[in-house]
1. What's the magnitude of the charge dipole for region 78-236 around its Cα centre, counting Lys and Arg as +1 and Asp and Glu as -1 at the beta-carbon? Answer in Debye, nearest 20.
2. Using a Förster distance of 22 Å, how high is the FRET efficiency between Asp214 and Lys167, based on the Cβ-Cβ distance and rounded to 0.05?
3. I need the fraction of alpha carbon pairs in region 88-138 separated by more than 13 Å, rounded to a whole percent.
4. Got a number for carbon plus sulfur as a percent of region 65-209's accessible area, 1.4 Å probe?
5. Could you give the nm distance between label points at Lys105 and Asp250, where each point is 7 Å from its Cα heading toward the beta carbon?
6. Would you mind calculating the gained length between Ala127 and Asp280 on full extension (0.36 nm times residue separation, minus the Cα-Cα distance), in nm to one decimal?
7. Between Lys236 and Ala72, what FRET efficiency follows from the Cβ-Cβ distance if R0 is 35 Å, with the result rounded to 0.05?
8. Please tell me the relative contact order of region 79-190 in percent, rounded to the nearest whole number, where contacts are Cα pairs under 8 Å and at least six residues apart.
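The values are calculated or read from the model by the stated rules, or taken from the named source; none is laboratory data. Because the structure is predicted, anything quoted here is derived from the model rather than measured. Note that we place each Cβ from the backbone using ideal geometry, even for glycine, and neighbour counts take in every protein chain shown. Keep in mind that these areas ignore ligands, DNA and RNA; they rest on the heavy atoms of the full protein, side chains included. Shrake-Rupley method; radii C 1.70, N 1.55, O 1.52, S 1.80 Å.
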Amino acid sequence: MKKILAAMLTAVLCMGLLTACGNAAEETGQAAETEETATEAANEAEPADAVEETAEEAAQPEAEASVSEALADGVLNVGTNAEFPPFEYVDDNGEPDGFDIALIKAIGEKLGVEVQVENMEFSALVASIGGKIDVAIAGMTVTDERKETVDFSDSYYTAVQYVILPKDSEIAAAADLEGKAIGVQLGTTGDFIAEEIAGAEVAQYNKALDAVNDLVNGRLDCVIVDKNPALVFQSKFEDQVKAVDGAQFDFEAEEYAIAIPKGDTVLAEQINAALKEMMDDGTFDELVKEYIEGSDE
Ligand code: ARG
């Protein structure tokens, strides 16, 4: 195992330091010894074919860890914040529904577990994973900060923050946002972006819709929220607001993924395999058609 790790490290470092490693390989031309520490091994080099072989071996799943602790009770407890249409909202029966909910239920079916959805504050989700809930699906953007606490599945959707403005607003570029009253949902990436804007007065809401209501009522200059909810809110207040693509404000693309307990590689693999199956067999696209396309009309 130690050797495999050392080899993997070497392989990783070689990718970054291709030239340096290449030179080292010429000088030594031999494989790292088992006794060497990872650092030592990383400083030397292995012939390219040996590195490839061991990296492949290391990619094999460990035999002993085949059931995730999170699924041992046969139930996948899922946290969401059903204030984010079309990904999650409360339906007419008071139950969470939406793209994410349908997606995680389909994943649960593939994993052979019951899915229970808990509707909670968005800002409480990450800290609840591994405790009150097993995983969270909430149009959640993969961020380095969140990765300190949780792991993420493969990403399933690419989004960007949008800026919702009163229809007659002249705000049109990043600099125009400075010093403005900006509404956001607490603890979201929209919130993080707003807090970086010079002089901005950031108003944090538990629900993005409440921020949009305050925008319509003239209490805010804009609301920063993810693309698809922004388009849904725009259609709701068609005569009063416009939703503008955040690319116009230099906002970067964001990737949505399912947040899982840190270190639960078994669950990550199972969820990723289920996701991939659904993407390959068209089920994923069907859900996109059913829930996302046309949600802003
Ligand atoms: N993508 C944004 C983030 O991860 C906002 C997600 C809000 N989701 C929700 N269900 N309210 O921070």
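1. 180 debye
2. 0.90
3. In whole percent, the share of Cα-Cα pairs in region 88-138 beyond 13 Å is 59.
4. Carbon and sulfur together cover 43 percent of it.
5. 4.4 nm
6. Result: 51.8 nm gained on full extension.
7. Efficiency at R0 = 35 Å is approximately 0.25.
8. Details: 100 pairs, mean separation 28.7, N = 112.
Reported as a whole number, the value is 26 percent.
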